[in-house]
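One structure is given here, and the rest of the page talks about it.
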Amino acid sequence: MNSNKLSNSIADISVQKTAIVAGFLYFIYLIIQIVGDLFGYSRFIVWGDAVATANNIMGSTWLFRISFISDIIAAVFFLLAAFALYMLLKPVNKNIALLFLLLNLGGVAIQCINALNLFAALQLLSGASYLSVFNASQLQALAMFFLNLHKNGFMIAQIFYGLWPLPLGYLVYKSGFLPKILGTLLMIDCFGVMIWFLQYFLFPGYEVITYPGLAISFIAEVGLTLWLLIKGVKYQKSAFIETS
């Protein structure tokens, strides 16, 4: 085997390993996120009923704490997956790859800081002695207030989570070693999430308009994850010519 073939073979192995790592990290993030959506803190919250919500949380405090921690862990895995994708796609265009990484980081930062609102709600219902100046109904109302803040903070994070698939999808499309359809879906994903964000703050009560975009978002993210995990990528030297 000559030196050029050996070099290409090593590069091929390196790229495939990076793709598998990215897929694995993204897969872990998706699993934590899906389990959190089904069994996490949201199942304790009865919007508009502070008393029922407080009773639910205090009846399963340990599970609520686990939900709080899993929310942060999911964010960490999401950032790690984005970094692995950055390493995979920066040879296509380093600046655009850095852009999607920074957008992801912005969303993760907001998500982690926003998690404090969940913990604040739990603290208000903890029965600590310094809270005795408030009566039970006041504490329950304050806990619901922080839960609402968390919900709104989550949606603010969607600005960054909605924008990052656009440069990511562009690089996937241009890469030459990942399916163009995935790149297209990821770019559409951006607009789907942004519609969700705008609907939440400007048109509450019209959630139906977000369903098509969110469905595409799910297909795009799961599709990319499974492709990276199962298929890997096929090294093509031409794909590693950095564009301006």
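Among the residues of segment 59-102, those that are of a type in the set (Val, Ile, Thr) and surrounded by fewer than 20 Cβ atoms within 10 Å (Cβ to Cβ) comprise Thr61, Ile66, Ile69, Ile72, Ile73, Val76, Ile96. Only one of the listed residues (Leu38, Leu25) is part of a helix (DSSP H, G or I), within 23 Å of Leu99 (Cβ to Cβ) and out of contact with any Gly (no Cβ under 9 Å at 6 or more places or on another chain). That residue is Leu25. Taking every residue in segment 155-179 that is within 17 Å of Phe218 (Cα to Cα) and pairing it with any residue that is in a loop (DSSP other than H, G, I, E, B), at least 6 positions away or on another chain, the pairs with Cβ-Cβ distances below 6 Å are Val172/Leu178.
Selection of segment 166-180 for residues being crowded, with 22+ Cβ neighbours inside 10 Å and either more than 21 Å from the chain's Cα centre (by Cα) or not in a helix (DSSP H, G or I) (or both) yields only Leu178. Scanning segment 106-125 for residues that are surrounded by fewer than 20 Cβ atoms within 10 Å (Cβ to Cβ) and free of Cβ contacts under 8 Å to residues at least 24 places away in the same chain, we see that the one that is farthest from Trp164 (Cα to Cα) is Gln123. Residue selection: Ser137 fails the criterion of being more than 24 Å from Gly192 (Cα to Cα) and either of a type in the set (Lys, Arg) or without any contact (Cβ under 8 Å) to a residue 24 or more places away in the chain (or both).
Among the residues of segment 17-37, those identified as of a type outside the set (Val, Ile, Thr) and closer than 17 Å to Ala75 by Cα are Ala22, Gly23, Phe24, Leu25, Tyr26, Phe27, Tyr29, Leu30, Gln33, Gly36, Asp37. Taking every residue in segment 31-52 that is free of Cβ contacts under 8 Å to residues at least 60 places away in the same chain and on the phi < 0 side of the Ramachandran plot and pairing it with any residue that is of a type in the set (D, E, K, R) and surrounded by 14 or more Cβ atoms within 10 Å (Cβ to Cβ), at least 6 positions away or on another chain, the pairs with Cβ-Cβ distances below 8 Å are Gly36/Asp71; Gly40/Asp71.
Is it the case, given these coordinates, that Ala52 is in contact with a helix residue (DSSP H, G or I) (Cβ under 9 Å, 6 or more places away or on another chain) and either in a helix (DSSP H, G or I) or closer than 21 Å to Asn148 by Cα (or both)? Spell out the reasoning first.
Values: in contact with a helix residue (DSSP H, G or I) (Cβ under 9 Å, 6 or more places away or on another chain): no; either in a helix (DSSP H, G or I) or closer than 21 Å to Asn148 by Cα (or both): yes.
Against the criterion (in contact with a helix residue (DSSP H, G or I) (Cβ under 9 Å, 6 or more places away or on another chain) and either in a helix (DSSP H, G or I) or closer than 21 Å to Asn148 by Cα (or both)), Ala52 does not qualify.
Do we have Asp37 as surrounded by fewer than 14 Cβ atoms within 10 Å (Cβ to Cβ) and either at pLDDT below 95 or in contact with a Leu (Cβ under 6 Å, 6 or more places away or on another chain) (or both) here? Outline the logic, then answer.
Numbers: surrounded by fewer than 14 Cβ atoms within 10 Å (Cβ to Cβ): yes; either at pLDDT below 95 or in contact with a Leu (Cβ under 6 Å, 6 or more places away or on another chain) (or both): yes.
In short, yes.
From the list Gly162, Gly183, the one residue that fits, being crowded, with 18+ Cβ neighbours inside 10 Å and over 21 Å from Leu105 (Cβ atoms), is Gly183.
Annotation note: Cβ proximity below 9 Å between a residue of segment 197-226 that is outside any helix (DSSP H, G or I) and a residue that is loosely packed, with under 14 Cβ neighbours inside 10 Å (sequence gap 6+ or interchain) occurs for Phe203/Ile209. The set of residues in segment 114-157 that are more than 20 Å from Ala52 (Cα to Cα), outside any loop (DSSP other than H, G, I, E, B) and of a type in the set (S, T, N, Q) comprises Asn114, Ser129, Asn152.
The values are calculated or read from the model by the stated rules, or taken from the named source; none is laboratory data. Given the structure is predicted, the values throughout are model-derived calculations rather than measurements. Every residue, glycine among them, receives a Cβ derived from its backbone with ideal geometry; neighbour counts consider all protein chains shown.
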